[in-house]
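Below is one structure, written out as structure tokens; comments come after it.
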Amino acid sequence: MIVAGILSIAVVGNVCAAEPFGAQEYRDNCARCHGVDAKGNGPDANEKPGYRAADLTHVARRHGGQFPRETIYDVIDGGKRLPGHYNFNSPMPLWGLSFQLEGKEYTDQSEAAVKRRINALVAYLESIQEK
């Protein structure tokens, strides 16, 4: 029981720590297009003709009430592009490339850093879903 208690505290602590980190990642990397409120209304939302930044507060609603963590991870990473993100002229960055550690690209250390940052963003986006 003691071990289970310690593990649950550690998990809750990591989730709570990830959310502020994810919120900061969001503000630093996503808000300029998706908006501070994640509604798709950032100052650069319509920077490129034909593209519109998505409202990120209704992702779960658009997926039957379930937040599709893996799908959102893949979109942020760039592993699976959405319509409007298929080509390199898209304003949506491939964060899986952009988050690589300079000079250590694609090393285990760099890949771990990329995963940590994207997972923090995914956790933050899941936390701001509107019902």
Completion exercise
For the stretch 42-66, pairs from a residue that is over 15 Å from Pro93 (Cα atoms) to a residue that is open to solvent by less than 50 Å² (accessible area, probe 1.4 Å) and of a type in the set (Ser, Thr, Tyr), with Cβ under 9 Å and 6 or more apart or across chains, are Leu56/Tyr26
Completion exercise
Inside the stretch 69-115, the number of residues satisfying the requirement of being over 16 Å from Cys30 (Cα atoms), at pLDDT 85 or above and either open to solvent by 30 Å² or more (accessible area, probe 1.4 Å) or not in a loop (DSSP other than H, G, I, E, B) (or both) is 17
Exercise for the section: Please go through the stretch 47-64 and pick out each residue that is of a type outside the set (Gly, Ala, Ser) and out of contact with any helix residue (DSSP H, G or I) (no Cβ under 7 Å at 6 or more places or on another chain). Expected result: Glu47, Lys48, Pro49, Tyr51, Arg52, Asp55, Thr57, His58, Arg61, Arg62, His63
Handout entry: Tally of residues being open to solvent by 20 Å² or more (accessible area, probe 1.4 Å), of a type outside the set (A, V, I, L, M, F, W, C) and modelled with pLDDT of 95 or more across the stretch 42-68
Key = 9
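The values are calculated or read from the model by the stated rules, or taken from the named source; none is laboratory data. All values derive from a computational prediction rather than experimental measurement. Here Cβ is always computed from backbone atoms with ideal geometry, including for glycine, and neighbour counts include all displayed protein chains. When the accessible area is computed, the model is the full protein with side chains, heavy atoms only, and any ligands, DNA or RNA have been set aside. Shrake-Rupley method; radii C 1.70, N 1.55, O 1.52, S 1.80 Å.
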